[in-house]
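Read through the structure below, which is laid out as structure tokens, and then see the notes.
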Amino acid sequence: MKPADYCFEVSWEACNKVGGIYTVLKTKASFMKQHYEDGYVVVGPYFVNKVSGEFNEKMPPELFKAAFERLKGEGIICHYGNWLVESEPDAVLIDFATFAAKKNEIKRELWDNYRIDSLNTQYFDYDEPVIWAYATGKFVEAFANSQPSKKVVAHFHEWLAAAGLLYLHSRKANVATVFTTHATTLGRTTTNANMDIYACFSCVDPEQEAYRLGVAAKHQTETAAANNVDVFSTVSDITAMEAEHFLKKSPDVIVHNGLNMDNFPTFEEASVRHRQLKKKIKEFVMYYFFPYYTFDLEETLYYFLSGRYEFHNKGIDVFIRSLGELNAALKRENSKRTVVAFLWVPANIRGIKRELLENRTQYQDVRDTVIDEIDYVKDQLITDVIAQKKVTDTDLLSAQTLFELKRKVMKFKKTGFPPLSTHDLYNEEADSILNACKSAGLGNSAEDRVKVVFYPTYLSGADGLLDLTYYESMQGSHLGVFPSFYEPWGYTPLEAAALGVGAVTTDLSGFGKYIFNHSSQKKFPGVFIVKRMGVSDDDFVKSLSGVLKTFASYTNDERIRNKIEAKHVSTLADWKFMIRQYLTAHQIAVSKHWK
């Protein structure tokens with residue numbers, strides 16, 4: 001039974017891809033629609049240059065016309081249509097450009113009612129989402145007033161939508177409200193400033209710290225929403241800890257994030273795709289490293305880290321240090337294993353390195369020459385095998401072809417070492433990743449058992465090198481490593497596991513803590529959880545490098561067993577189950593509001 005007749009889900013990221021909440025809303029929309037049917041509507045901002053491919057505008061139904069007309073007179077233009085994601089939920093996008101003239105009145109009201117100090121805020125940083133959110137509050141109120149016999153629940157995400165909730169609260173609107181913070185403003189900002197918030201909760205005055213860091217208005221808006229809503233929720237136990245200390249409010253419900261697992265491959269499909277996509281990664285590795293030296297690709301594993309360039313928060317710093325430890329250990333053991341570690345972290349780039357473009361062109365020239373001869377080689381090989389003749393290269397290829405190949409391979413060879421980065425960077429000397437690699441002794445020398453490829457561009461599927469999408473790059477690899485220091489949820493290890501790829505995360509990740517509480521860390525855990533809370537960076541690096549080394553020692557059969565378990569672990573975060581937490585939050589809000 002649905003908790004209310006209508007559910008409006010309000011987010012700055014509805015039909016507006018700017019961050020992780022977009023993934024949350026997009027992947028769970030079909031499940032929300034299953035429960036609310038035509039009563040489920042997402043509400044977001046209308047930006048004319050962003051709606052293409054996201055929003056299919058239609059004539060509004062009678063249900064919305066009264067609210068739309070009323071708001072039009074106030075300079076708020078509402079657009080009705082469908083969000084072009086699975087199940088195509090109804091969407092209302094609000095154009096607030098004209099309504100922005102009310103900015104100072106809105107900010108004055110927020111001060112009078114909730115003591116939100118937005119006097120010196122910037123328009124695109126704070127004012128713009130607040131004006132939009134306030135307009136959404138007016139829309140939800142107008143709709144509820146037009147349907148007095150119906151129960152309406154409005155679910156607001158993050159501080160960016162909070163002004164809409166506060167508008168409804170101040171008007172005592174006939175709407176049940178839910179507020180979810182995915183990451184507290186202070187939590188994200190303080191950790192970006194390299195503060196260990198988990199060790200300093202008790203020694204931080206939230207109000208003073210917010211002013212010191214220049215985020216007072218956002219923090220105060222978020223705090224007011226958490227304390228003036230029917231149901232307050234967070235996405236993880238980690239974020240709940242932040243909320244208790246920074247917002248002075250414990251969540252009523254935890255609404256964990258999930259994925260629609262029906263959209264991910266079966267284990268058998270994932271295995272086939274892994275082999276196919278690993279071939280493309282192997283080709284890249286050949287033209288990246290083999291001009292300088294070679295190594296056994298059958299003994300090579302591909303690790304990766306991906307995400308925003310948040311050197312400390314995303315754990316890039318400890319990942320590189322752990323790779324340095326792994327490299328030293330494998331060299332000490334004279335291991336035959338090679339690990340190629342990709343850092344898929346977009347940065348400020350000039351372009352692909354010229355030497356790499358040359359390598360790729362020369363590699364393709366050799367490859368094309370062999371492909372041109374492949375039919376002749378195949379026929380000749382079959383003939384020689386049937387005739388029980390000893391096969392040599394001169395039997396398969398003509399002297400002219402062998403000469404051509406030898407010449408092209410000689411041209412392919414280079415002196416020196418492979419670069420650490422695929423692209424030239426602006427201010428390369430100051431780049432944190434490159435400098436950390438050098439400090440960790442990772443220079444891509446022939447003796448190194450761990451090779452590094454900093455890949456500072458988006459994996460679009462057409463970047464001129466790998467030419468793989470993000471998911472394809474994941475699927476072709478063996479292990480994703482996500483040792484974040486600050487990660488309120490963390491979709492990346494969940495996505496890796498859903499694709500049948502082993503992953504590493506920490507107990508400071510919302511997903512990591514959730515999995516740790518719902519699964520066991522057996523010999524082949526699928527997703528490795530490394531303890532980081534209350535652990536020094538030095539001790540954590542030792543633990544992480546130990547996990548990386550353990551995985552490097554797995555046989556092929558053992559890696560398959562780990563892949564099977566990773567796939568199983570991912571099902572623990574299927575929206576089929578997680579959606580119940582949202583419905584519970586809505587039911588509690590409705591019960592409180594109409595008690």
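The values are calculated or read from the model by the stated rules, or taken from the named source; none is laboratory data. Note that the structure is predicted; figures quoted are calculated from it, not measured. Reconstructed Cβ throughout: ideal geometry from the backbone, glycine too, with neighbour counts over all protein chains shown.
Just one of (1) among the aliphatic types (A, V, I, L, M); (2) assigned to a loop (DSSP other than H, G, I, E, B); (3) more than 26 Å from Asn348 (Cβ to Cβ) fails for Leu494. It is (2).
Residues of segment 234-257 that are in a loop (DSSP other than H, G, I, E, B) and touching a strand residue (DSSP E or B) at 6+ places or on another chain (Cβ under 6 Å): Lys249, Pro251, Asp252, Val255. Contact map, segment 561-572: residues that are part of a helix (DSSP H, G or I) paired with residues that are surrounded by fewer than 21 Cβ atoms within 10 Å (Cβ to Cβ) and basic (Lys, Arg), Cβ distance under 8 Å, separation 6+ or inter-chain. Pairs shown: Glu565/Lys522. Does Glu158 qualify as being within 19 Å of Ala585 (Cβ to Cβ) and surrounded by 20 or more Cβ atoms within 10 Å (Cβ to Cβ)? Yes.
For (1) among the acidic types (Asp, Glu); (2) more than 20 Å from Met578 (Cβ to Cβ); (3) out of contact with any Cys (no Cβ under 6 Å at 6 or more places or on another chain), each residue gets a yes or a no:
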{"residue": "Asp448", "(1), (2), (3)": "yes, yes, yes"}
{"residue": "Ser460", "(1), (2), (3)": "no, yes, yes"}
{"residue": "Tyr470", "(1), (2), (3)": "no, yes, yes"}
{"residue": "Gly490", "(1), (2), (3)": "no, no, yes"}
{"residue": "Pro493", "(1), (2), (3)": "no, no, yes"}
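Residue by residue, here is whether (1) outside the structural domain of Ala29 (by TED's automatic domain parsing); (2) over 24 Å from Val18 (Cα atoms); (3) modelled with pLDDT of 95 or more; (4) part of a helix (DSSP H, G or I) holds:
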| site | (1), (2), (3), (4) |
| --- | --- |
| Trp111 | no, yes, yes, yes |
| Ala142 | no, yes, yes, yes |
| Phe156 | no, no, yes, no |
| Leu160 | no, no, yes, yes |
| Tyr167 | no, yes, yes, yes |
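Taking each residue of segment 27-39 that is among the hydroxyl-bearing types (Ser, Thr, Tyr) and looking for partners that are assigned to a helix (DSSP H, G or I) with beta-carbon atoms closer than 7 Å, six or more apart or interchain, yields Thr27/Trp575. None of Lys513, Lys522 is in contact (Cβ under 8 Å) with a residue 40 or more places away in the chain, over 21 Å from Gln276 (Cα atoms) and either outside the structural domain of Tyr455 (by TED's automatic domain parsing) or assigned to a helix (DSSP H, G or I) (or both) except Lys513. Entry remark, segment 213-271: residues being of a type in the set (Val, Ile, Thr), more than 23 Å from the chain's Cα centre (by Cα) and not assigned by TED's automatic domain parsing to the domain that holds Phe179 number 0 in total.
Exactly one residue out of Ile281, Ile320 is assigned to a helix (DSSP H, G or I), over 24 Å from Thr469 (Cβ atoms), assigned by TED's automatic domain parsing to the domain that holds Val501 and in contact with a helix residue (DSSP H, G or I) (Cβ under 9 Å, 6 or more places away or on another chain), and it is Ile320.
Taking the criterion of being surrounded by 14 or more Cβ atoms within 10 Å (Cβ to Cβ) and of a type outside the set (S, T, N, Q), the residues of segment 543-560 that qualify are Leu544, Gly546, Val547, Leu548, Lys549, Phe551, Ala552, Tyr554, Glu558, Arg559, Ile560.
Inspect all residues belonging to segment 290-303 and state whether any of them is within 16 Å of His182 (Cβ to Cβ) and in the same structural domain as Ala503 (by TED's automatic domain parsing). No. Looking at Ala176, Ala199, just one residue is closer than 18 Å to Leu508 by Cβ and touching a residue at least 40 places away in the same chain (Cβ under 8 Å), and that residue is Ala199.
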